[in-house]
Amino acid sequence: MGVSTFRKEHPVRLLCLEKSISWSLFSMLATNAASRQTIDTAPEIPKAYEPQAVEARWYQRWLDAGCFRAQPDAARPERAHAIMMPPPNVTGVLHMGHLLNNTIPDILTRRARQEGKLALWLPGTDHAGIATQSRVEKELRKIGKTRHDLGREKFIETAVQWRDKHGGIILEQLKKLGASCDWDRKAHTLDPDYSQAVLQAFVTLYHRGYIYRGKRMVNWCPVSLTGLSDEEVIMKPQRGLFYRMRYEIVEMPGQFLEIGTTRPETIPGDTAVAVHPDDQRYTHLIGKHVWRPFPRTPIPIVADTLVERDFGSGVLKVTPAHDKADFEIGQRHKLPVLDVMNPDGTMNDLAGPDLAGLDRFKARALAAQKLRTLGNLIKEEPYENNVGFSERADVPIEPRLSEQWFIKYPKIDEAKRALTSGHVRFHPERWNKVYLHWLNNIQDWCISRQLWWGHRIPVWYKKGADRNDPANRHVALTPPPNPENWEQDNDVLDTWASSWLWCLAPLGWLSPGQTTPALKYWYPTTALVTGPDIIFLWVARMIIAGLEFYGEEKTILTDDDIRARIPFHDVYFNGIIRDAQGRKMSKSLGNSPDPLDLFEKFGADGVRLGLLSIAPKGQDILFSEDRIAQGRNFCNKLWNAARFRQMAAKDSPPQLANSIGQILARINPGICDADDHAILASLATTTDTISNALANFDFNTYTSALYQFFWTDFCDWYVEASKPRLQDATTCPTLLAIHDLCLRQFLLLLHPVAPFITEELYHSLGYCSADTYIQNICPESGHKLRAMLASSGLQLNPDAIAQTTLLREFTTAARSLKAQQNQAARKDAHLHLLAKDPAAHTLAETNNGKLKKLIGATSIELHPAETDTSTPPFNANPATPTPLGILFLDITGTVDTTAEKKRLTRELERLEKLITTGQAKLSNEAFVSKAPPQILKGARQQLSETQAKHTEIKRLLNALG
RNA sequence: GGACGAAUAGCUCAGUUGGUUAGAGCGCCUCGUUUACACCGAGGAGGUCGGGGGUUCGAGCCCCUCUUCGUCCACCA
């Protein structure tokens with residue numbers, strides 16, 4: 001049912017019909033109006049776009065109609081398009097970063113749908129081991145309990161309840177953004193199938209020899225009480241003290257060795273001091289001992305190349321239990337490992353009675369005090385060094401020796417080739433280097449976490465047997481047949497060891513070689529959109545997981561294998577959203593606006609447009625609400641242009657016109673003028689620009705092309721220029737059709753970024769029927785558009801386009817002339833144009849009515865170029881050169897000749913400068929002989945035009961006397 | 001200590017292989033209730049493209065160097 005049909009209906013009918021008819025401006029207004037005033041009042045279109053109702057209504061309709069559901073079609077593999085949403089923490093709430101991360105995939109997905117692709121955008125959440133467990137434990141503490149009070153099973157039960165109650169809010173919030181995800185395929189890393197996949201990946205890697213268990217130095221978080229991977233440690237510069245100490249040499253009483261440290265509290269754990277073997281200062285001491293001050297014990301002086309001779313005194317205290325490098329030195333010299341700290345970062349009994357029980361930082365101060373009283377402290381000086389912090393708990397991590405599971409990454413070479421051979425492409429490309437550097441220096445991945453919330457490691461140990469002997473282990477998806485003799489590993493897997501399967505498991509992957517229709521159809525996925533901060537944590541690991549787990553086991557992969565196994569083809573990295581001062585947005589700073597407030601204030605479309613337009617390619621984004629307001633303003637502009645289209649058709653109601661063909665049929669090519677040609681040409685060009693921009697992830701160009709076409713070309717010029725002809729019954733239908741052509745195509749181009757308003761207007765302007773959706777309609781290509789126009793008799797004329805440029809420049813010059821004489825507001829100006837040639841004369845003549853309206857003039861009289869200007873109405877009147885000739889503003893008697901002279905003189909000087917540089921350039925032999933002809937021609941033309949202008953202005957100045 | 005990025009109008013940024021007089025939005029100034037839009041329209045001011053060298057007929061763009069800011073990587077205690 002089209003607009004024209006129900007437009008005449010009584011509003012009451014509309015209310016009754018609202019489920020079955022096309023939502024339109026009018027129906028919506030009728031509803032709005034009905035709620036505000038009596039329903040008998042004639043509906044009035046609101047001047048400003050009110051997004052909230054529109055957005056809620058359309059989102060529900062899309063869901064009801066199953067618009068976002070994607071089904072594979074094995075017969076049409078070329079139509080596959082898939083994006084996996086980077087899973088937010090299940091307990092997280094929407095923040096600014098998510099907005100951009102999800103707007104871009106939505107744009108890509110919606111555009112793909114328009115192009116007829118079977119576009120899947122798969123949403124989901126991450127169980128977020130540490131984060132979620134901490135939240136639940138915090139809740140427990142409120143009632144005075146710990147997880148140990150509950151026990152593992154009960155705790156997990158509580159966590160599940162908590163997750164189900166508070167989790168997933170973020171996905172609901174994403175719906176407000178307009179995210180067109182296939183919600184039926186929503187995934188979660190702790191779903192039963194997903195969990196099975198995670199365990200299968202572990203078991204597979206174990207049996208392939210890539211997983212081992214060992215006692216190693218790991219990054220220990222004393223708050224979360226778990227080991228962490230290197231990638232979860234954030235280095236931060238910290239201000240502290242550097243303690244310079246002296247230890248007495250055992251074999252040489254009275255002689256001392258100077259040693260520096262930042263961590264005196266670990267002294268009880270020292271089991272040696274080390275010097276560089278080639279350090280002449282100390283070679284004679286190697287093998288001797290020093291007195292460790294507390295507890296007072298002799299410890300050996302060893303030689304190790306790891307020691308930096310130039311740093312401090314060149315002597316290093318070796319604490320194998322509390323430092324990675326020291327551990328290595330300890331291993332090499334078979335030093336005892338003395339662990340003086342508890343898992344929670346307090347000192348234990350081995351640290352001696354004074355320190356035992358103290359927190360590590362309090363212990364540090366006390367240790368320094370002890371050094372002082374013992375006479376070991378030479379000096380303490382302020383010092384800044386880098387300290388590793390736990391990403392989650394934000395406390396310094398403690399290097400700690402513990403039993404952990406590690407992955408030795410498979411397919412590293414292939415992972416590099418995936419990028420270097422272009423199977424996976426990063427945008428911007430510069431991230432390649434970061435990725436490759438990481439792979440080139442890759443370290444084994446500590447994947448066990450001493451937590452309960454997560455995938456429990458599928459390893460059982462024979463009771464009472466040595467766990468490090470593989471013969472005593474059962475590694476499988478299911479427990480051993482005689483469980484009473486076995487005990488399962490207590491640890492769970494790193495969350496990233498589940499999310500690295502994010503491109504596989506949600507599509508149904510359960511084990512290598514096995515596949516599902518969805519997996520077969522959409523894997524490898526089309527694109528991934530995420531932040532560069534998780535290149536290592538997630539992106540690189542997903543690539544490795546894909547290469548290792550997709551398909552049958554294969555040790556070495558060919559390029560074809562790689563192409564088939566990579567998880568995605570393109571990765572778009574967006575910048576991090578910062579506040580206006582450039583600070584990272586964070587809860588503690590309170591500088592992050594609530595996205596839902598923004599939706600409320602500016603509409604989801606406005607937020608999407610605004611965000612996209614301020615997102616520089618690959619750079620961080622400085623957020624400011626003003627920018628978002630621009631997005632809203634754009635929606636409002638669009639809304640009003642559509643309103644104008646409706647109102648302009650007062651006497652000829654808009655028709656339901658589904659297709660370009662139907663619109664074209666309403667055009668009478670014979671009455672199309674330069675402006676019509678120009679706007680249609682711009683429409684075609686804009687279409688091409690946008691297609692290229694979207695294909696290249698160039699969202700800057702996408703938005704600026706949208707903006708430029710619609711605001712500048714269409715609204716500011718074309719709509720204004722077409723007003724007089726819309727009043728004329730003979731031209732009106734053609735003009736309306738061209739408006740429709742532009743609006744229809746523009747809505748299609750804008751739809752991916754502003755889904756709600758475009759759907760609303762597409763329906764209310766009658767471009768499709770109620771039961772179809774803009775998401776399934778593809779904008780014609782620029783080429784096709786031109787061809788269709790040509791075949792309905794409207795071959796776009798480049799001359800006409802050039803004429804419009806002249807008219808626009810002429811109009812600007814005329815308005816400027818008026819403004820300079822404080823006549824801007826007047827609509828009764830009298831103008832005289834000395835048309836510079838017959839073509840200019842014709843142009844000004846045929847467009848006279850339009851120009852008068854646009855400039856605000858009652859007359860523009862035309863005169864031959866050679867007219868004598870020394871008499872009225874020319875002399876003593878202000879004038880300006882225009883592309884069509886000299887234009888005079890007839891305000892005889894009121895002109896301020898002094899001011900006018902000043903203005904013209906200024907302009908003359910500007911032109912003289914241009915002429916000088918132009919002449920210099922053209923008299924440069926090298927330029928003339930070497931520059932390409934086009935450039936040369938351009939330079940000559942420019943010079944002659946400038947000279948002509950110069951002559952004219954000179955003449956005007958002389959006329960002023 | 002390495003690597004990468006940034007520096008263009010008061011602010012935030014465009015500027016695709018070097019090529020006519022370097023653009024946009026916001027902000028600012030002047031004017032405007034013209035029958036879509038003041039979330040608007042018209043006009044205007046404002047830039048030695050971070051500094052210094054170099055290549056070229058020609059450099060915002062290419063090369064070298066310096067400065068400032070930012071990010072990532074790294075076992076100097």
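The values are calculated or read from the model by the stated rules, or taken from the named source; none is laboratory data. Fair warning: this is a prediction, and the values are worked out from it, not measured in the lab. Every residue, glycine as well, gets a Cβ built from its backbone with ideal geometry; the counts of neighbours run over all protein chains shown.
Go through (1) over 30 Å from A:N848 (Cα atoms); (2) in contact with a Gly (Cβ under 8 Å, 6 or more places away or on another chain); (3) surrounded by fewer than 24 Cβ atoms within 10 Å (Cβ to Cβ) for A:P755 and report which single condition fails.
With (1) over 30 Å from A:N848 (Cα atoms); (2) in contact with a Gly (Cβ under 8 Å, 6 or more places away or on another chain); (3) surrounded by fewer than 24 Cβ atoms within 10 Å (Cβ to Cβ) applied to A:P755, the lone miss is (3).
Determine if the stretch A:707-728 includes at least one residue that is more than 24 Å from A:E759 (Cβ to Cβ), modelled with pLDDT of 90 or more and more than 11 Å from RNA strand B (Cβ to nearest atom).
Within the stretch A:707-728, one or more residues are more than 24 Å from A:E759 (Cβ to Cβ), modelled with pLDDT of 90 or more and more than 11 Å from RNA strand B (Cβ to nearest atom).
Here's a check for you: in the stretch A:294-329, which residue that is among the aromatic types (F, W, Y) and crowded, with 17+ Cβ neighbours inside 10 Å is nearest to RNA strand B (Cβ to nearest atom)? Even if it seems obvious, please write down each step before you answer.
Residues of the stretch A:294-329 that are among the aromatic types (F, W, Y), as a first pass: A:294, A:311, A:327.
Then keep just the ones that are crowded, with 17+ Cβ neighbours inside 10 Å; that gives A:294, A:327.
On the way: A:F294: 17, A:F327: 10 Å.
Among those that are among the aromatic types (F, W, Y) and crowded, with 17+ Cβ neighbours inside 10 Å, it is A:F327.
Any residue at all in the stretch A:354-366 that is under 20 Å from A:G227 (Cα atoms), in contact with a Lys or Arg (Cβ under 8 Å, 6 or more places away or on another chain) and away from RNA strand B (no atom under 15 Å from the Cβ)?
no
For the stretch A:356-397, give me each residue that is surrounded by 14 or more Cβ atoms within 10 Å (Cβ to Cβ), within 18 Å of A:Y247 (Cβ to Cβ) and among the aliphatic types (A, V, I, L, M).
Answer for the stretch A:356-397, where residues must be surrounded by 14 or more Cβ atoms within 10 Å (Cβ to Cβ), within 18 Å of A:Y247 (Cβ to Cβ) and among the aliphatic types (A, V, I, L, M): A:A367, A:A368, A:L371, A:L377, A:I378.
Mind counting the residues in the stretch A:505-529 that are touching a Leu at 6+ places or on another chain (Cβ under 7 Å), hydrophobic (A, V, I, L, M, F, W, C) and not in a loop (DSSP other than H, G, I, E, B)?
So the first thing to find is which residues in the stretch A:505-529 are touching a Leu at 6+ places or on another chain (Cβ under 7 Å), and the list is A:506-509, A:516, A:518-519, A:522-523, A:527.
Pick out the ones that are also hydrophobic (A, V, I, L, M, F, W, C) and you get A:507, A:509, A:518-519, A:522, A:527.
When the remaining residues are screened for being not in a loop (DSSP other than H, G, I, E, B), the result is A:507, A:518-519, A:522, A:527.
Going through the stretch A:505-529 one residue at a time, the tally reaches 5.
Condition first: within 6 Å of RNA strand B (Cβ to nearest atom) and part of a helix (DSSP H, G or I). Now tell me which residues in the stretch A:610-647 satisfy that. Spell out the reasoning first.
Our first condition is that a residue be within 6 Å of RNA strand B (Cβ to nearest atom); within the stretch A:610-647, this holds for A:614, A:616-617, A:619, A:622, A:626, A:630, A:632-633, A:636-637, A:640-641, A:643-644, A:647.
Matches in the stretch A:610-647: A:D626, A:Q630, A:R632, A:N633, A:N636, A:K637, A:N640, A:A641, A:R643, A:F644, A:M647.
So which residues in the stretch A:538-561 are more than 16 Å from RNA strand B (Cβ to nearest atom), buried (at least 21 other Cβ atoms within 10 Å of the Cβ) and in a helix (DSSP H, G or I), if there are any at all?
A:M542, A:I543, A:I544, A:A545, A:G546, A:L547, A:E548, A:F549 - these are the residues of the stretch A:538-561 that are more than 16 Å from RNA strand B (Cβ to nearest atom), buried (at least 21 other Cβ atoms within 10 Å of the Cβ) and in a helix (DSSP H, G or I).
Taking the condition of being outside any strand (DSSP E or B) and crowded, with 17+ Cβ neighbours inside 10 Å, how many residues in the stretch A:226-240 meet it?
3
Can you tell me which residue in the stretch A:398-438 is surrounded by the fewest Cβ atoms within 10 Å (Cβ to Cβ), limited to those that are within 12 Å of RNA strand B (Cβ to nearest atom) and over 26 Å from A:A693 (Cβ atoms)?
Only one residue fits best here, namely A:H437.
Has the stretch A:588-603 got any residue that is more than 8 Å from RNA strand B (Cβ to nearest atom), under 17 Å from the mean Cα position of the chain (by Cα), more than 24 Å from A:V434 (Cα to Cα) and among the charged types (D, E, K, R)?
No, the conditions are met nowhere in the stretch A:588-603.
List the strands (runs of 3 or more DSSP E) that sit entirely inside the stretch A:246-313 and contain at least 3 residues that are under 23 Å from A:P382 (Cα atoms) and touching a residue at least 40 places away in the same chain (Cβ under 8 Å).
Output list reads A:256-261.
Within the stretch A:754-769, which residues are assigned to a loop (DSSP other than H, G, I, E, B) and at pLDDT 95 or above?
Of everything in the stretch A:754-769, just one residue is assigned to a loop (DSSP other than H, G, I, E, B) and at pLDDT 95 or above, namely A:A754.
Report the residue count in the stretch A:198-240 for those that are hydrophobic (A, V, I, L, M, F, W, C), in contact with a helix residue (DSSP H, G or I) (Cβ under 9 Å, 6 or more places away or on another chain) and within 11 Å of RNA strand B (Cβ to nearest atom).
Residues meeting the conditions: 1.
Going through A:G766, A:G793 one at a time, which residue ends up being buried (at least 22 other Cβ atoms within 10 Å of the Cβ), out of contact with any Phe, Trp or Tyr (no Cβ under 8 Å at 6 or more places or on another chain) and on the phi > 0 side of the Ramachandran plot?
Residue meeting the stated conditions: A:G766.
Of the residues A:L936, A:L911, only one is hydrophobic (A, V, I, L, M, F, W, C), assigned to a helix (DSSP H, G or I) and crowded, with 17+ Cβ neighbours inside 10 Å; which?
After ruling out the rest, the residue left standing is A:L911.
Looking at the stretch A:69-90 only, could you name the residues that are within 19 Å of A:W500 (Cα to Cα) and crowded, with 19+ Cβ neighbours inside 10 Å?
A:A82, A:I83, A:M84, A:M85, A:P86, A:P87, A:P88, A:V90 - these are the residues of the stretch A:69-90 that are within 19 Å of A:W500 (Cα to Cα) and crowded, with 19+ Cβ neighbours inside 10 Å.
Scan the stretch A:441-472 for residues that are free of Cβ contacts under 8 Å to residues at least 12 places away in the same chain and polar (S, T, N, Q) and jot them down.
A:N441, A:N472, listed by residue number.
Do you know which of the residues in the stretch A:832-873 that are assigned to a loop (DSSP other than H, G, I, E, B) and among the small types (G, A, S) is modelled with the lowest pLDDT? Even if it seems obvious, please write down each step before you answer.
Quick first cut of the stretch A:832-873, residues assigned to a loop (DSSP other than H, G, I, E, B) only: A:836-837, A:847, A:856, A:864-873.
Within this subset, residues satisfying the condition of being among the small types (G, A, S) are A:856, A:865, A:870.
Numbers: A:G856: 89, A:A865: 85, A:S870: 78.
Result: A:S870.
Among the numbered criteria (1) within 12 Å of RNA strand B (Cβ to nearest atom); (2) crowded, with 23+ Cβ neighbours inside 10 Å, which single criterion is violated by A:V607?
(1)
So, in the stretch A:657-695, how many residues would count as being within 13 Å of RNA strand B (Cβ to nearest atom) and free of Cβ contacts under 8 Å to residues at least 40 places away in the same chain?
4
Table: residues versus (1) polar (S, T, N, Q); (2) closer than 30 Å to A:Q619 by Cβ; (3) part of a loop (DSSP other than H, G, I, E, B).
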{"residue": "A:K433", "(1), (2), (3)": "no, yes, no"}
{"residue": "A:H437", "(1), (2), (3)": "no, yes, no"}
{"residue": "A:I442", "(1), (2), (3)": "no, yes, yes"}
{"residue": "A:L451", "(1), (2), (3)": "no, no, yes"}
{"residue": "A:G454", "(1), (2), (3)": "no, no, yes"}
{"residue": "A:A465", "(1), (2), (3)": "no, no, yes"}
{"residue": "A:C503", "(1), (2), (3)": "no, yes, yes"}
